[in-house]
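Student: First the structure, then my questions, so here it is.
Every number here is computed from the coordinates shown, using simple stated rules; none is lab data. Not measured: the values here are computed from a predicted model. Cβ atoms come from the backbone with ideal geometry, glycine included; neighbour counts cover every protein chain shown.
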Amino acid sequence: MEGPRAVDGALASGATLEAVFARPELVSRYAPEGAPADHPDAQRLGAGYRQQIGAIHPVPADVLDPLADAMNPQGVLAIARFADAPLDEAATAERVVVLEAVRDPGNAGAVVRSAVAVGFGAVIATHGSTDLWSPKALRGAAGLTFGPLVCRGHSTAEVLSALSDAGHVRVRATPDGDVGVDRLPSAERMTLVVGNEAHGPSTEAVGGTDVAVSIPMQRPVDSLNVAVAAAVLMYTMREAAGNS
């Protein structure tokens, strides 16, 4: 992963970083013991995060920056350990968001970030979705992908069947839903399914969900970015649970 924000978010989520490679002027951000006691990075990170980093390597910008995936390198790269959760384990979370064929890594990462913000315990990306662990998706998630249970690679039918078996009410986001956000049901376990903006939900998603929900919009707007729609609906689902 790359960039201070993503690396900091990963550390805050409990990730173990095998190595951090940083421009010399940024090394103190991840090695606070080498900075003055009143240095803001030393105060912010402290010794706790340092224990999550295996090694810290200062690397000149002219060597480090060409390795970056971003258009504007930010001087920090990291190697992190990650593990996907089994589908049946992800289905035990009380609140789950499913990304069905969401191919843009920035959007997928933004959904993960919003899911963490509102307390969703699992993020499932179906087969055909972008890689949630890719550098761009991790940047979009601000490194927070290490917090929730993450599951990848299963078909939509497999995912929705497992969630049904685990007792989830499965809510599908769609522009023509028959339920508005103000009438969302509340249950102990709930799942939000968001799909590809260009093609909408698949036939498997339509047949495998319990509720179709839409967000009222003023004309001429007829759709929202998938990350924005997911954030609105996940927040609404959290509030509905709190008021039930």
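Student: Based only on other Cβ atoms within 10 Å, what is the fewest-to-most ordering of Asp88, Asp104?
Tutor: On the way: Asp88 11, Asp104 18.
In order of increasing Cβ crowding within 10 Å: Asp88, Asp104.
Student: How large is Rg/Rh for segment 55-140, to two decimals, with Cα atoms and a Kirkwood Rh? Before the final figure, lay out each step's value.
Tutor: Details: Rg = 15.4 Å, Rh = 14.6 Å.
Computed over Cα atoms, the ratio is 1.05.
Student: For the chain, with the dipole built from +1 on Lys and Arg beta-carbon atoms and -1 on Asp and Glu ones, taken about the Cα centre, which of Val213, Ala6, Ile79 lies farthest toward the positive end?
Tutor: Ala6
Student: Here's something else I'd like to know. Using 10 Å bins from zero, what percent of all Cα-Cα pairs in segment 133-244 falls into each bin?
Tutor: Distribution as computed: 12, 42, 38, 8 percent.
Student: Something else now. In Å, what is the Rg of the alpha-carbon atoms in segment 97-162, and how long is Dmax?
Tutor: Taking only Cα atoms of segment 97-162, I get Rg and Dmax of 10.7, 31 Å.
Student: Turning to a different aspect of this structure: Using only alpha carbon positions, build the gyration tensor of the chain, then give the equivalent ellipsoid semi-axes as the square roots of 5 times its eigenvalues, largest first, whole angstrom. Before the final figure, lay out the partial values.
Tutor: On the way: eigenvalues 269, 64, 54 Å².
That gives 37, 18, 16 Å for the three semi-axes.
Student: Fewest first, what order do Asp178, Asp65 take by the number of other Cβ atoms within 10 Å?
Tutor: Numbers: Asp178 10, Asp65 16.
Fewest-to-most Cβ neighbours within 10 Å comes out as Asp178, Asp65.
Student: Sort largest first and round to whole Å: the equivalent ellipsoid semi-axes of segment 185-235, each the square root of five times a Cα gyration tensor eigenvalue. Write down the numbers at each step before the final one.
Tutor: Details: eigenvalues 75, 46, 20 Å².
Taking √(5λ) for each Cα gyration eigenvalue gives 19, 15, 10 Å.
Student: Specify the residue with the greatest mean-square fluctuation among Arg81, Arg50, Arg23, computed from a Gaussian network of the chain linking alpha-carbon atoms under 10 Å apart.
Tutor: So, out of Arg81, Arg50, Arg23, the one fluctuating most is Arg81.
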